[in-house]
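Everything below concerns the one structure shown next.
The values are calculated or read from the model by the stated rules, or taken from the named source; none is laboratory data. Bear in mind that the values here come from a model prediction, so they are computed numbers and not experimental data. Counting neighbours? That spans all protein chains shown, and the Cβs are built from the backbone with ideal geometry, glycine included. Heads up: the accessible areas ignore ligands, DNA and RNA and are worked out on the full protein's heavy atoms, side chains in. Shrake-Rupley method; radii C 1.70, N 1.55, O 1.52, S 1.80 Å.
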Amino acid sequence: MFPIFDLRDRVIGFGGRVLTEEGMPKYLNSPETEVYQKGRQLYGLSWAKESIKEKDAVLLVEGYMDLIALYQAGIEFVVASCGTALTVDQIRLLKRFTRRVIVVYDGDQAGQMASLRGLDLLLEEGCQVRLMDLPQGKDPDDFVRSEGASAFRQKMQQAKDLLEYKLGLLLREKDIRDPHQKAEVAKEMLATIRRLPSPVLRGEYLKQLAEKIHVREENLWSELN
């Protein structure tokens, strides 16, 4: 059982991890109440907030054990979304402490593209987003226990900008020598670029995208508009 605390260190709910998985969900949280709404809380933020302010950055992981393993290893500027898609309320809660977010994916996470689309909301809220890759089959808990905190920090230094990461993923899936697949890549990338609140940033990313997928910049502007 994992007690869930609010920002003032008061227990407002619990998360349970089942030990035998037959006929049960892997995780089960307290029901929603007036004091506990899952989409308005981030696990561990009450412990991490000072470290987040000091580093001006936050690590975002998925699960309770990921957070606890990192915190025990001395990496304290970490919060967990507990498997839910990020909400505007959660993002605005984070923005009270930092706008720099490093998202840590499990090495074997399925449906990465769908997950990336969910992160577009961070960009729309004016956050700087980077993504950190772990080896296949490793989650943050596994990795920090087997490889240590220094190896994890080294991986963190290699985190990629969200748009760079998304483009890399698309280029592994699509062959841009095919005009139709190139158009699909452009469409996916523009859906994210459109969420950037800054016209300057939109322009810079459009210029980079045009160079990388070999299309005219004005065609991308036309599509964006």
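Tabulated data
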| read-out | value |
| --- | --- |
| The range 125-134 - phi-based ³J(HN,Hα) in whole Hz, Karplus 6.51/-1.76/1.60, Gly and Pro as x | 8, x, 8, 9, 10, 10, 10, 10, 9, 10 |
| Q128 long-range amide H proximity, modeled H, under 5 Å | R100, V101 |
| Cα-projected label distance for R92 with H180, points at 7 Å along beta-carbon direction, nm | 4.3 |
| Rounded accessible area per residue of the chain, 1.4 Å, Å² | 54 |
| Accessible area of K212 in the full protein assembly, 1.4 Å probe (Å², nearest 10) | 100 |
| Shape parameters for the chain, alpha-carbon atoms, Rg then Dmax in Å | 18.9, 57 |
| Long-range HN-HN contacts of I4 with modeled amide H, under 5 Å | I12, G13, F14, G15 |
| Filter on K55/K155; K138/K187; K174/K212; K26/K138; K138/K182 - keep pairs with C-alpha separation over 25 Å | K138/K187; K138/K182 |
| Under-5 Å amide H pairs with D161, H placed in peptide plane, nonlocal only | L131 |
| Solvent-accessible surface ranking, highest first, for L28, L162 at 1.4 angstrom | L28, L162 |
| Charge tally in the Cβ shell below 11 Å around D56, where Lys, Arg are +1 and Asp, Glu are -1, D56 excluded | +3 |
| Measure of compaction for the range 114-225 (Cα Rg per 2.2 N^0.38 Å) | 1.21 |
| Inter-site label distance for K212 and E50 at 7 Å from Cα along Cβ, in nm | 3.9 |
| Protein accessible area in the chain, 1.4 Å probe - carbon and sulfur % | 48 |
| Surface accessible to a 1.4 Å probe, I91 within the full protein complex, Å² | 0 |
| Counted charge near R100, where neighbours are those whose Cβ lies closer than 12 Å (Asp, Glu -1; Lys, Arg +1) | +3 |
| Residue-level accessible surface for S150, protein heavy atoms, 1.4 Å, Å² | 90 |
| Label-point separation, S30 to A85 (7 Å along Cα→Cβ), nm | 2.6 |
| Within the chain, helix-based [θ] at 222 nm, where runs of 4 or more DSSP H residues each add -39,500 (n - 2.57), nearest 500 | -14500 deg cm²/dmol |
